[in-house]
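*Asks:* This is the structure I want to talk about, given as structure tokens.
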């Protein structure tokens with residue numbers, strides 16, 4: 001905390017279209033997000049997996065905080081609690097359970113948190129109840145915002161198009177991992193912030209956005225040499241190291257590629273669901 005006798009901060013006047021980056025949900029109160037527009041980022045991998053599920057034809061994704069909440073939501077929505085025991089040849093239920101704990105499939109769940117698992121054959125026409133260790137918690141943290149989008153490297157153009165000219169404050173909210181800042185989320189935040197600043201949004205006084213933008217510029221420098229740019233930095237991140245440890249490094253090919261899943265998920269907190277945003281509205285102005 002600052003010194004108790006510190007005077008007020010100098011004025012930092014933003015006349016229009018402010019942009020803030022929050023490196024962790026714990027660093028911004030839910031009340032501070034109220035009335036604004038939030039882009040929630042869980043770059044490895046919840047943001048990408050949610051997008052992939054909607055791209056493959058899932059009708060909606062219902063985020064929950066805990067495994068117990070997910071089971072209760074599935075029961076309320078009419079899912080079949082015995083479906084996982086029958087296997088895929090027995091017929092999938094109308095409501096599927098998806099998500100992870102420790103990066104891997106939750107026992108009894110239908111799907112994990114790999115975007116490659118959410119194929120049309122598995123999820124078309126289905127509802128997904130979804131819980132992850134960090135991403136869905138961050139999403140629920142933003143429930144008081146006026147609009148909540150889910151962003152990543154994989155849908156960057158649609159995200160930027162949705163909020164670049166938005167008159168309300170825009171907040172990029174990084175999910176982090178176990179309450180700690182992660183380079184993968186910061187890199188995605190920086191890549192989005194670069195485009196938004198280029199479109200005329202103004203950064204708030206806090207340096208979080210500037211730090212993320214510096215990381216994004218580092219990725220550009222890496223891309224000119226042999227380091228691999230976004231892909232290499234994602235692999236070096238905590239999330240990337242975690243994927244390598246559990247044998248899921250192939251997910252990086254989707255998560256680190258610009259616009260690999262061109263879908264814009266929108267979270268409706270009042271309804272408790274994520275659906276595809278109207279793509280015509282999402283591409284206005286940019």
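The values are calculated or read from the model by the stated rules, or taken from the named source; none is laboratory data. Computed from a predicted structure; not experimentally measured. As a convention, Cβ positions derive from the backbone with ideal geometry for all residues, glycine included, and neighbour counts pool all protein chains shown.
*Asks:* Pull out all pairs, ordered by first then second residue, where Cβ-Cβ is under 9 Å, the residues are six or more apart or on different chains, the first lies in segment 244-264 and is on the phi > 0 side of the Ramachandran plot, and the second is assigned to a helix (DSSP H, G or I).
*Replies:* Short answer, once both residue conditions are applied: 259/153; 259/154; 259/155; 259/156; 259/157; 259/158.
*Asks:* If you go through segment 251-266 one residue at a time, do you hit one that is closer than 28 Å to residue 64 by Cβ and assigned to a strand (DSSP E or B)?
*Replies:* yes
For every residue, the table says whether it meets (1) under 21 Å from residue 34 (Cα atoms); (2) surrounded by fewer than 22 Cβ atoms within 10 Å (Cβ to Cβ); (3) in contact (Cβ under 8 Å) with a residue 40 or more places away in the chain.
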position	(1), (2), (3)
103	no, yes, yes
106	no, yes, no
110	no, no, no
129	no, no, yes
133	no, yes, yes
142	yes, no, yes
145	yes, no, yes
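*Asks:* Of everything in segment 162-173, what is within 18 Å of residue 216 (Cβ to Cβ) and part of a helix (DSSP H, G or I)? Give them in sequence order. Reasoning before the result, please.
*Replies:* From segment 162-173, those within 18 Å of residue 216 (Cβ to Cβ) are 163-164, 170-173; that's our starting set.
If the condition is that a residue be within 18 Å of residue 216 (Cβ to Cβ) and part of a helix (DSSP H, G or I), then 163 is the only one that fits.
*Asks:* Restricting segment 260-286 to residues that are more than 17 Å from residue 58 (Cβ to Cβ) and modelled with pLDDT of 95 or more, which is farthest from the chain's Cα centre (by Cα)?
*Replies:* 270
*Asks:* A follow-up question, please. Can you pull out the residues in segment 174-210 that are closer than 15 Å to residue 26 by Cβ, in contact with a strand residue (DSSP E or B) (Cβ under 9 Å, 6 or more places away or on another chain) and assigned to a loop (DSSP other than H, G, I, E, B)?
*Replies:* 175, 181, 182, 206 - these are the residues of segment 174-210 that are closer than 15 Å to residue 26 by Cβ, in contact with a strand residue (DSSP E or B) (Cβ under 9 Å, 6 or more places away or on another chain) and assigned to a loop (DSSP other than H, G, I, E, B).
*Asks:* For segment 25-127, please list each of the helices (runs of 4 or more DSSP H) lying entirely inside it that holds at least 2 residues being modelled with pLDDT of 95 or more and farther than 30 Å from residue 206 by Cβ. Explain how you work it out, then say what you get.
*Replies:* Details: elements: 30-33, 46-55, 67-77, 83-86, 120-123.
Of the helices (runs of 4 or more DSSP H) lying wholly inside segment 25-127, those with at least 2 residues that are modelled with pLDDT of 95 or more and farther than 30 Å from residue 206 by Cβ span 46-55, 67-77, 120-123.
*Asks:* Considering 196, 173, 191, 203, which residue is assigned by TED's automatic domain parsing to the domain that holds residue 258, within 22 Å of residue 253 (Cβ to Cβ) and modelled with pLDDT of 95 or more? Before the answer, list the steps.
*Replies:* Numbers: 196 fails: within 22 Å of residue 253 (Cβ to Cβ); 173 fails: within 22 Å of residue 253 (Cβ to Cβ); 203 fails: within 22 Å of residue 253 (Cβ to Cβ).
191 is the lone residue from the list that is assigned by TED's automatic domain parsing to the domain that holds residue 258, within 22 Å of residue 253 (Cβ to Cβ) and modelled with pLDDT of 95 or more.
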